[in-house]
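Engineer: My questions will all concern the structure given below.
The values are calculated or read from the model by the stated rules, or taken from the named source; none is laboratory data. Every value quoted in this text rests on a predicted model; they were computed, and no experiment measured them. As a convention, Cβ positions derive from the backbone with ideal geometry for all residues, glycine included, and neighbour counts pool all protein chains shown. Just so you know, the surface numbers come from the protein's heavy atoms only, side chains and all, with ligands and any DNA or RNA stripped out. Shrake-Rupley method; radii C 1.70, N 1.55, O 1.52, S 1.80 Å.
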Amino acid sequence: MQKFVRYYARPRFLRHSGPKGRGPSLNKSSTNSSTSSSSNADAYPPYKFGPYPSLNLPDEKSRNGVNNLIDKITDFNELKIVPQLRDALINEIKYNTVLRSQNYVSPTKKIKSTNELNGLIIRPTPVQTAAIKIINGNKSEFFNVYTIAAETGSGKTWAYLAPLLQSLLTAEPSNSGSNAGIKSVILLPTHELVDQVFNTVSNVAPSLNLNIIKWDTDSNYKNFIELFKKGIDIMVTTPGKLSSLSKYPSISSPRMIFSKISFTVVDEADTLMDPSFIDETYHILKNMNNLSNLIFTSATVPSKFNKTISHIYPKITSISTPNLHKLPKSIEFRLINASVAPYKGSKIKALAQALYAIHCDGTEQGFIKRVVVFVNKKEDVNGVVEKLKTFGHNVKGITSDDDVQIRKDIVNEFSSAPEPSTNDNNRLKVLVTTDLLSRGLNFNGIRNIILLDVPSNSSDLVHRAGRTGRMNQSGRVFMIINDSDKGHVKGLPKVLRNNRRLG
Ligand SMILES: Nc1ncnc2c1ncn2[C@@H]1O[C@H](COP(=O)(O)OP(=O)(O)OP(=O)(O)O)[C@@H](O)[C@H]1O
């Protein structure tokens, strides 16, 4: 029986919008009042959040170039994609889009068959239109480097998968006599993201007659060698796991692995090219001597990342969308001040109260609510989990120290579509984690994110908040602050309410 410790009847949250003096209840899912003022939001410089490295907007020309591309296209049929790929892509999205959780109007009304899905019209998102037009339209035989940058939850995975698959399906048959080798690689920073992208590609590979492989902690080398001999079309892996291949005796040199790779995607690129990953990532990229296409993709473009890749690759085509570095408009952002009574400086009490308020606010009727709580340091996760358990919450924690399979099982509870709630008591599940899970993970139907710690920079804020509000679905982000944080977050609610860009 899940009972909650109540501090007082109604949570008092610092209001970020609406008339003075009336703290809105959590129940009101008033839409973000940014629509009117967001039109001139770009008249202001990006808002620098926090003292650390800022975000860097790709040049205006490339962004404007993308704008007029986007406006005209509303259908995948208008894009240069071979028919079997277009059909496979649309089908995959129809079955797996987060938009389906919007279609769960009640536990019994689960979408059961294709015809019920037909109501879901799948159109290319702006970043998909731009990436497919620019990359598929580029006939140059030389080595092309692209960056794809677009807001969280806007469909970047298919924005790079479509050109990658198009290139595999339209490539000239190899005249080298043997198919053995790897044709393309998708690099990701975490095992969870390798699984997520591999699952997306697996949904279309059979109908496109492509051999794909996931090379990760649970992969089998014998299976890899068998597929390698047949020819691997796409390998989904992490830089570390890809490098580990050269330690096997039968792999004489890295060149044997990399010699045939012509298309590589570095997803969550600002992570994979940051000081903690770059040696491994760059060691791999520089061994790929036959690359025709290299794509870096991310929802944030930190200045350091921009400098690093422009230094290595002098000619880069940047593809970025008008809303880059903005939080999706569908997200409501609220501050909770733990310094006021009854919390008196205890962020944990404010967190417990926020969870209680979410539990009682009447949203997500008929489904188990799931809340993701982000903290800055992994050593704080277990303490927060234990504390919340004392308040009666159903809560789990994940850090990079946890066993990979346990991590994946817990993530799956939060990344799969919302589960019907059979008994009214067990209506709320909580996941406490760090930035390990703030990037890329397609949490499906998560409507509430709580930032227990103030993120130290805009990039972390964008990625954490971006686990909700995906594909413009509604979502709420609560940031719990103390008086000492006020200086750090001053002006942030107004900036986000006006849909301004973060810098
Ligand atoms: N054209 C589309 N129409 C509807 N849903 C889509 C479309 N393209 C992708 N989706 C769905 O949107 C969700 C988010 O896509 P994806 O994970 O690629 O976003 P992203 O931009 O990579 O996010 P992040 O920046 O957090 O990594 C997925 O559920 C995906 O199935």
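Engineer: Residue 219: assigned to a loop (DSSP other than H, G, I, E, B), free of Cβ contacts under 8 Å to residues at least 60 places away in the same chain and more than 28 Å from residue 413 (Cα to Cα), yes or no?
Structural biologist: For residue 219, the condition - assigned to a loop (DSSP other than H, G, I, E, B), free of Cβ contacts under 8 Å to residues at least 60 places away in the same chain and more than 28 Å from residue 413 (Cα to Cα) - is not met.
Engineer: What single numbered condition from (1) in a loop (DSSP other than H, G, I, E, B); (2) modelled with pLDDT of 95 or more; (3) open to solvent by less than 10 Å² (accessible area, probe 1.4 Å) fails to hold for residue 372?
Structural biologist: (1)
Engineer: Going residue by residue through the range 73-85, is there one that turns out to be more than 11 Å from the ligand (Cβ to nearest atom), charged (D, E, K, R), modelled with pLDDT of 80 or more and outside any helix (DSSP H, G or I)?
Structural biologist: yes
Engineer: Which number in (1) more than 29 Å from residue 408 (Cβ to Cβ); (2) surrounded by 23 or more Cβ atoms within 10 Å (Cβ to Cβ); (3) more than 14 Å from the ligand (Cβ to nearest atom) marks the one condition that residue 171 misses?
Structural biologist: Going through the list (1) more than 29 Å from residue 408 (Cβ to Cβ); (2) surrounded by 23 or more Cβ atoms within 10 Å (Cβ to Cβ); (3) more than 14 Å from the ligand (Cβ to nearest atom), residue 171 breaks only (2).
Engineer: Kindly indicate whether residue 160 is more than 23 Å from residue 87 (Cα to Cα) and not polar (S, T, N, Q).
Structural biologist: no
Engineer: Can you tell me which of (1) open to solvent by 10 Å² or more (accessible area, probe 1.4 Å); (2) near the ligand (Cβ under 10 Å from one of its atoms) is the one residue 139 doesn't meet?
Structural biologist: (2)
Engineer: Among the helices (runs of 4 or more DSSP H) confined wholly to the range 382-495, which include 1 or more residues that are outside the structural domain of residue 271 (by TED's automatic domain parsing), in contact (Cβ under 8 Å) with a residue 40 or more places away in the chain and surrounded by fewer than 22 Cβ atoms within 10 Å (Cβ to Cβ)? Steps first, answer last, please.
Structural biologist: Working: elements: 404-415, 458-465, 486-489.
Output list reads 404-415, 486-489.
Engineer: Note down all Cβ pairs under 8 Å where the first residue falls in the range 122-142 and is touching a residue at least 24 places away in the same chain (Cβ under 8 Å) and part of a loop (DSSP other than H, G, I, E, B), the second is open to solvent by 50 Å² or more (accessible area, probe 1.4 Å) and more than 9 Å from the ligand (Cβ to nearest atom), and they're at least six residues apart or on different chains.
Structural biologist: 123/74; 123/75; 124/74; 124/75; 137/80
Let's see how each residue does on (1) aliphatic (A, V, I, L, M); (2) over 22 Å from the mean Cα position of the chain (by Cα):
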position	(1), (2)
183	no, yes
226	no, yes
233	no, yes
241	no, no
269	yes, no
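Engineer: Now for a different question. Among the residues of the range 86-102, is there at least one that is at pLDDT below 95, assigned to a loop (DSSP other than H, G, I, E, B) and within 14 Å of the ligand (Cβ to nearest atom)?
Structural biologist: Yes, there is a match, as at least one residue in the range 86-102 is at pLDDT below 95, assigned to a loop (DSSP other than H, G, I, E, B) and within 14 Å of the ligand (Cβ to nearest atom).
Engineer: Going by what's in this entry, would residue 62 be described as assigned to a helix (DSSP H, G or I), modelled with pLDDT under 95, under 27 Å from residue 199 (Cβ atoms) and out of contact with any His (no Cβ under 7 Å at 6 or more places or on another chain)?
Structural biologist: no
Engineer: Only one of (1) away from the ligand (no atom under 16 Å from the Cβ); (2) over 28 Å from residue 85 (Cβ atoms) is not met by residue 271, so which one is it?
Structural biologist: Status for residue 271: all satisfied but (1).
Engineer: Could you tell me whether any residue of the range 346-367 is of a type in the set (Asp, Glu), open to solvent by 10 Å² or more (accessible area, probe 1.4 Å) and without any contact (Cβ under 8 Å) to a residue 40 or more places away in the chain?
Structural biologist: no
Engineer: Give the range 275-317 a look and list any residue that's within 16 Å of the ligand (Cβ to nearest atom) and either over 23 Å from residue 254 (Cα atoms) or charged (D, E, K, R) (or both), or say none.
Structural biologist: If we filter the range 275-317 for residues that are within 16 Å of the ligand (Cβ to nearest atom), which is where we start, we get 295-302, 305.
Matches in the range 275-317: 297, 298, 299, 300, 301, 302, 305.
Engineer: Restricting to the range 143-166, what's the tally of residues that are part of a loop (DSSP other than H, G, I, E, B) and either free of Cβ contacts under 8 Å to residues at least 60 places away in the same chain or of a type in the set (A, V, I, L, M) (or both)?
Structural biologist: 1
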